[in-house]
Amino acid sequence: MELKDVKGIGSKSLGLLNKLNVYTIEDLVTYYPVRYDVLRRSDLDNLDSDMKIIIDGKVESIPLVIRIKAGLNKMNFRLASNDRIFGVSIFNRAFLKQHLGIGTNVIVIGKYDKVKNIITASDIKLGSLGNTPKIEPVYHLTTGLTNKNISTFINMALMEVGKNIMDYIPDYLVEKYKFATKRMALNIIHNPSDIEKLKEAKIRLKYEELFEFMFKINYLKKENTKQDGLSRKILKKDITSISKILPFSLTNSQKEVIEEIREDLNSSKRMNRLLQGDVGSGKTIVSIIAMYMNNLSGYQSALMVPTEILARQHYNNIKNLLGDRVKVELLTGSISKKDKTRIYEELESGEISIVVGTHALIQSDVKYHNLGLVVTDEQHRFGVNQRENLKNKGISPDVLYMSATPIPRTYAMTIYGDMEVSTIKELPKGRQEVTTLVKNNKEITEVLNLMYEELKLGHQIYVIAPLIEENDSSNLTSVNELKDKMNLAFGKKYKIDLVHGKMPSNSKDEIMNKFSQGEVDILISTTVIEVGIDVKNASMMVIFDANRFGLSTLHQLRGRVGRGDIKSTCILISEQDTKRLEILKTTSDGFKLSEEDFKLRGSGDLFGTKQSGDMSFKIADIREDYKILLQANKDSLEFLNKASITNLKLRDTLINKIKQQ
């Protein structure tokens, strides 16, 4: 059964669901709520003015709609609740009038004015509140789809295909942990009536997701040990000769990691190594040396990164360091057709030794002469299938993944269990320490003055907001609102621009490029710049609503400044959670911060605010659910190695699913 066959899903709804990355029935039924609203009847005797009120009752008068101006109307009616009558007002919901006949049971949520005895409603729902709390799922939406639409589609799909939904937990484990059936768990998660049952359903679905993920990791690890690598003979003196061409000295930590990579490249087994290091620790130079060693053995290297601007940055770095010793080319989507054709030919002939690019590197037109090493930067931002596509371009290339997101070793050993892990902990000498300040909104004038001082010196500034657009239910600062404020403060003298994740890639790259060229003084952004440009003239970062971010993400963002020899500052603006943020003032060690994040935040994103690729879970959170992750790892390994005859079909299904990704 396909998504379009679900009752109620027409071509328009199908397109809107696709916008939410819902393409299949499985995508739909596992489109989990982002949160739940728990509706409890307010204690009317203890309500003060302007407090939030949740009340149920019967409509007591015919609703009256008043048009205030174009695009703004107000609806008023009386509500009878127990022995009391309340006035209710709600804006721009005139369409509800047809459903609010006298005697209709409704639930009203809003703010209560005790003096006027009026509720200004934010929402009105049909129905009544019982003696137990009413739990309502809330979904992430897109314009044109309501919460009710999504809930209806999901429940229709569960009715029609519920029995046939694939369960990825073996029967003996379902029995061992006394899990509900998957169909039942999905029904509860989308239609909860009891908080305890909801918790049990969540645990069951989290376990399944983590079990499947760890099965994949353990399967890949097992397969990797079977794969033969390429034959090389790179000597220690080769590394010494490379080091001599560098304009700086390598740290001991870099030297140790390079030796680990050299041994891997010489080994008869295929390298599958994760290189993680703090911001500015010098991972890029290690990868360049790895590619140079690969070149000495006569093989080609490919470096794949998530953005065009980052690809160009790496390309320029390699050209500057290696000069004419190695033929290097840049391959991205925006390169002319003529240049692409030439690069394709030179890659196939072996004339190009190192190619740097984005997803353009894995297009079907790209054929390599003898690809021996694949390097991916910010590896968690690529899915397994993208990395595998690049890896499979060669006969059996070695693979080096780089990540600037420090991960506690216990985590790395589990979630990257199919890889060897190298860590650069030492920062290069002379790296500028970034001063970190924590401010609140009352101190905004002081912040603006500090920004002005930097701008007068000819320096550039990043301004970060967590939202792309304003949200009625949130008081977070949006990028558009920030742009207005910055224009008001600095727009007459300085060039201000805006970049966020929902913009087309070419627009983002164009604006980031202007910033890197010094044509933009203040860049207002979401965390899209967390991985990105290296602008040595950027000396300040101002992060609004900093409490919304994990310490690791804030550290990543802070790492965008202090890239040159200019004294740099990061200002965190927050009204709450400032004690947690103070930690950033005392340490610039990303590994310490990731450990603190692990202790302090029950949930959140260890890998940055926007996940993609391997670490993108629908319901599990690998930090909050670490104990479940460990158990799923143990169980999946046992299942992979010792599946009984009754469970062989499920094991084969899981393996085939991995191969198709």
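Quick rundown of the values:
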{"item": "The stretch 41-132 - percent relative contact order, Cα under 8 Å, separation 6 or more", "result": "32"}
{"item": "Global size of the stretch 435-587 as Cα Rg and Dmax, reported in angstrom", "result": "14.3, 42"}
{"item": "Candidates per trypsin sites (Lys or Arg not before Pro) in the stretch 39-126, loop by DSSP, up to 15 other Cβ within 10 Å", "result": "Arg40, Lys114, Lys116"}
{"item": "Positive-end extreme of charge dipole, the chain - chosen from Asn317, Leu584, Ile154 (charges on Cβ)", "result": "Ile154"}
{"item": "For Thr405, Thr341, order by how many other beta-carbon atoms lie within 10 Å, fewest first", "result": "Thr341, Thr405"}
{"item": "Where the Cα pairs of the chain fall when distances are cut into 20 Å bins, in %", "result": "16, 44, 33, 7, 0"}
{"item": "Distance violations [Cα-Cα > 28 Å] among Lys255/Lys340; Lys492/Lys585; Lys255/Lys367; Lys495/Lys585; Lys176/Lys222", "result": "Lys255/Lys340; Lys492/Lys585; Lys255/Lys367; Lys495/Lys585"}
{"item": "Mean projected area in nm² (Cα convex hull; one quarter of hull surface) for the stretch 199-281", "result": "8.5"}
{"item": "Reachable aspartates and glutamates, given that their alpha-carbon falls under 16 Å from the alpha-carbon of Lys134 and they are not under 8 places away in the same chain", "result": "Asp37, Asp43, Asp56, Asp123, Asp194, Glu196"}
{"item": "Whichever aspartates and glutamates have a C-alpha closer than 20 Å to that of Lys456, once near sequence neighbours (fewer than 8 apart) are set aside", "result": "Glu446, Asp497, Glu519, Asp521, Asp565"}
{"item": "Dipole of the chain [Lys/Arg +1, Asp/Glu -1 at C-beta], most positive-end residue of Ile53, Tyr344, Leu554", "result": "Ile53"}
{"item": "Charge dipole (debye, nearest 20) of the chain; +1 at Cβ of Lys and Arg, -1 at Cβ of Asp and Glu", "result": "460"}
{"item": "Residue order, fewest to most surrounding Cβ atoms within 10 angstrom, among Leu96, Leu17", "result": "Leu96, Leu17"}
{"item": "Exceeding the 18 Å Cα-Cα cut-off - candidates Lys226/Lys269; Lys182/Lys202; Lys216/Lys659; Lys283/Lys327; Lys52/Lys579", "result": "Lys283/Lys327; Lys52/Lys579"}
{"item": "Asp37/Glu443 FRET efficiency (R0 30 Å; Cβ-Cβ; nearest 0.05)", "result": "0.30"}
{"item": "Residue among Leu72, Val355, Met293 farthest towards the positive dipole end of the chain, charges placed on Cβ", "result": "Leu72"}
{"item": "The stretch 225-424 - percent relative contact order, Cα under 8 Å, separation 6 or more", "result": "31"}
{"item": "Over 32 Å (Cα to Cα) - which of Lys221/Lys618; Lys221/Lys627; Lys485/Lys618; Lys58/Lys163 fall in this group", "result": "Lys485/Lys618; Lys58/Lys163"}
{"item": "Computed lengthening from Phe617 to Met166, 0.36 nm per intervening residue step minus Cα-Cα distance", "result": "160.6 nm"}
{"item": "Convex hull volume of the stretch 41-132 per residue (C-alpha atoms, cubic angstrom)", "result": "96"}
{"item": "Reach of Lys69 by Cα under 21 Å, taken over lysines that are not fewer than 8 positions away in the same chain", "result": "Lys97"}
{"item": "Dipole magnitude (debye, nearest 20) for the stretch 297-355, charges at Cβ of Lys, Arg, Asp, Glu", "result": "160"}
{"item": "For the chain, share of DSSP beta bridges that run antiparallel, in % to the nearest 5", "result": "40"}
{"item": "Reciprocal mean inverse distance between Cα atoms of the stretch 91-215 - Kirkwood radius, Å", "result": "17.8"}
{"item": "Full-stretch length increase - Asp652, Lys255 - with 0.36 nm per residue and alpha-carbon distance subtracted", "result": "138.7 nm"}
{"item": "Bins of 5 Å, starting at 0 and running to the largest distance - Cα pair percent for the stretch 225-424", "result": "1, 7, 17, 21, 23, 17, 9, 4, 1, 0"}
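Values in this text are rule-based calculations from the coordinates and carry no lab data. Being a predicted model, the structure only gives us computed values, none of them experimental. As a convention, Cβ positions derive from the backbone with ideal geometry for all residues, glycine included, and neighbour counts pool all protein chains shown.
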